[in-house]
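Chemist: Once you've had a glance at the structure underneath, I'll fire off some questions.
The values are calculated or read from the model by the stated rules, or taken from the named source; none is laboratory data. Note that this is a predicted model, so its numbers are computed, not measured. Backbone-built Cβ (ideal geometry, glycine too); neighbour counts: all protein chains shown.
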Amino acid sequence: MLIVHIMAVIFLSTTGNVLNNAQQADFERYIQAGGGFVGIHAATDTEYKWPWYNQLVGAYFNGHPAIQSARLKVVQAQDPSCQHLPPVWPLKEEWYNFKSLNPDIQVLVEIDESSYEGGTHGKNHPMVWKHHFDGGRSFYTALGHKEETFSDPLFMQQLMAGINFAIGDDDLDYSKATTLRVPEENRFTKQILDFNLDEPMELDELGDRGIIFIERRGTIKLFEYDTEQTKILDTIDVFYANEDGLLGLEWIPLLKKTIGSICFILRTQQLPFSMFLVLPYPKRIS
């Protein structure tokens, strides 16, 4: 999904996760190249596990009261998206509360929390904002839940001004993009290293030496890159019934590639907790 000729990307009341990892990377590159984004209403109820998007859209949704009438206050009357608006704009809508607000947003319109019930921000409760972010531009409006709002000329004129802001000069320069593209899946090849496994649990890579991995019943194995063979390093006598046993490991290098320790996670029903064993393996691995 390489975004080249798109003037602006609009999220119209999206919710949840809408882009996969490759699409997220391409979207970040598009903004970094000078692209524009417009978020409408539930666009802040989207991609909660993507911190970059949180900064781009400006905030995350944090609940709302029942639909009711309230008074909007224009904060930036000279902004192109607000010049046509009255100082106080009465409207009936679904009024969002927010969390994880980006402090760099330029608030254009706020809501007067004394004019309705359910606000959680106090004196400064943003409803419409814009900002420059990561090389591109972003405009967001929390309005747009009710279908009737899209028939309101005041709202539509502001939305069009916001879209024009996001479009900017419509000149993309991908040489400025810093996020790397995710390679297509058909560019990867799968190589099976070992068939003879007995309940493998976790692995770790020892730099260019090989891959160390464990099996639940206590066996510690090393696949060596040089020989392309797997050898048994050791076997820990563990209790492995009832899904207990050797469950995890972490390689802790101490002196480059020659000496190190391995932290093993051992769980057994004979103990009311997981036990961590740190065992030195300088000779066996080097």
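Chemist: Residues to consider are Glu243, Glu250; find the one that is part of a strand (DSSP E or B) and either hydrophobic (A, V, I, L, M, F, W, C) or modelled with pLDDT under 80 (or both).
Modeler: Step by step, each of Glu243, Glu250 is checked, and only Glu250 is part of a strand (DSSP E or B) and either hydrophobic (A, V, I, L, M, F, W, C) or modelled with pLDDT under 80 (or both).
Chemist: Show the residue pairs that are 6+ apart or on different chains and have beta-carbon atoms under 6 Å apart, the first residue being within the range 29-47 and in contact (Cβ under 8 Å) with a residue 24 or more places away in the chain and over 23 Å from Thr178 (Cα atoms), the second being assigned to a helix (DSSP H, G or I) and not hydrophobic (A, V, I, L, M, F, W, C).
Modeler: Close Cβ pairs (under 6 Å, with a partner that is assigned to a helix (DSSP H, G or I) and not hydrophobic (A, V, I, L, M, F, W, C)) do not exist here.
Chemist: Quick one: what pairs do we get from the range 135-156, first residue assigned by TED's automatic domain parsing to the domain that holds His125, second among the small types (Gly, Ala, Ser) and surrounded by fewer than 15 Cβ atoms within 10 Å (Cβ to Cβ), C-beta under 8 Å, 6+ apart or different chains?
Modeler: Pairs found: Gly144/Ser13; His145/Ser13.
Every residue, every condition in (1) of a type in the set (D, E, K, R); (2) in the same structural domain as Lys130 (by TED's automatic domain parsing); (3) touching an Asp or Glu at 6+ places or on another chain (Cβ under 9 Å), yes or no:
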{"site": "Thr46", "(1), (2), (3)": "no, yes, no"}
{"site": "Ala59", "(1), (2), (3)": "no, yes, no"}
{"site": "Ala66", "(1), (2), (3)": "no, yes, yes"}
{"site": "Arg71", "(1), (2), (3)": "yes, yes, yes"}
{"site": "Val74", "(1), (2), (3)": "no, yes, yes"}
{"site": "Gln78", "(1), (2), (3)": "no, yes, no"}
{"site": "Cys82", "(1), (2), (3)": "no, yes, no"}
{"site": "Leu91", "(1), (2), (3)": "no, yes, yes"}
{"site": "Asn97", "(1), (2), (3)": "no, yes, no"}
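Chemist: Glu117 passes all but one of (1) assigned to a loop (DSSP other than H, G, I, E, B); (2) of a type in the set (D, E, K, R); (3) under 28 Å from Gly168 (Cβ atoms); which number fails?
Modeler: (3)
Chemist: For the condition more than 15 Å from Val74 (Cα to Cα), part of a helix (DSSP H, G or I) and touching a Leu at 6+ places or on another chain (Cβ under 9 Å), what is the one hit in Phe150, Phe165, Phe139?
Modeler: Phe150
Chemist: Consider the range 119-168. How many of its residues are closer than 17 Å to Thr44 by Cβ and among the aliphatic types (A, V, I, L, M)?
Modeler: 6
Chemist: Separate question: Just to be sure I understand the filter: pairs with C-beta atoms under 7 Å, separated by 6 or more residues or on different chains, first member in the range 186-204 and at positive phi, second member modelled with pLDDT of 85 or more. Which pairs pass?
Modeler: Going by the 7 Å Cβ cut-off, the qualifying pairs are Glu199/Glu215; Glu199/Arg216; Glu199/Arg217.
A quick yes/no check of all residues on (1) within 30 Å of Ile6 (Cα to Cα); (2) at pLDDT below 85:
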| residue | (1), (2) |
| --- | --- |
| Thr179 | yes, no |
| Glu184 | yes, yes |
| Asn196 | no, yes |
| Gly210 | no, no |
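Chemist: Working only within the range 74-101, note down all residues that are buried (at least 18 other Cβ atoms within 10 Å of the Cβ), under 26 Å from Gly168 (Cα atoms) and of a type outside the set (A, V, I, L, M).
Modeler: Asp79, Ser81, Cys82
Chemist: Among the numbered criteria (1) of a type in the set (Asp, Glu); (2) in contact (Cβ under 8 Å) with a residue 40 or more places away in the chain; (3) touching a strand residue (DSSP E or B) at 6+ places or on another chain (Cβ under 9 Å), which one does Asp208 miss?
Modeler: (3)
Chemist: Just to be sure before I move on: is Ile40 surrounded by fewer than 17 Cβ atoms within 10 Å (Cβ to Cβ) and out of contact with any Lys or Arg (no Cβ under 6 Å at 6 or more places or on another chain) in the structure I sent?
Modeler: no
Chemist: Okay, next question. Can you find, within the range 5-37, the residue that is surrounded by the fewest Cβ atoms within 10 Å (Cβ to Cβ) among those that are charged (D, E, K, R) and in contact with a helix residue (DSSP H, G or I) (Cβ under 7 Å, 6 or more places away or on another chain)?
Modeler: Arg29
Chemist: Among (1) in a loop (DSSP other than H, G, I, E, B); (2) touching a residue at least 40 places away in the same chain (Cβ under 8 Å); (3) under 24 Å from the mean Cα position of the chain (by Cα), there is one condition Asp171 misses while meeting the rest; what is its number?
Modeler: All conditions pass for Asp171, except number (3).
Chemist: Also: Could you identify the single residue in Asp208, Asp237, Asp204 that is under 35 Å from the mean Cα position of the chain (by Cα), of a type outside the set (Gly, Ala, Ser) and loosely packed, with under 13 Cβ neighbours inside 10 Å?
Modeler: Asp208
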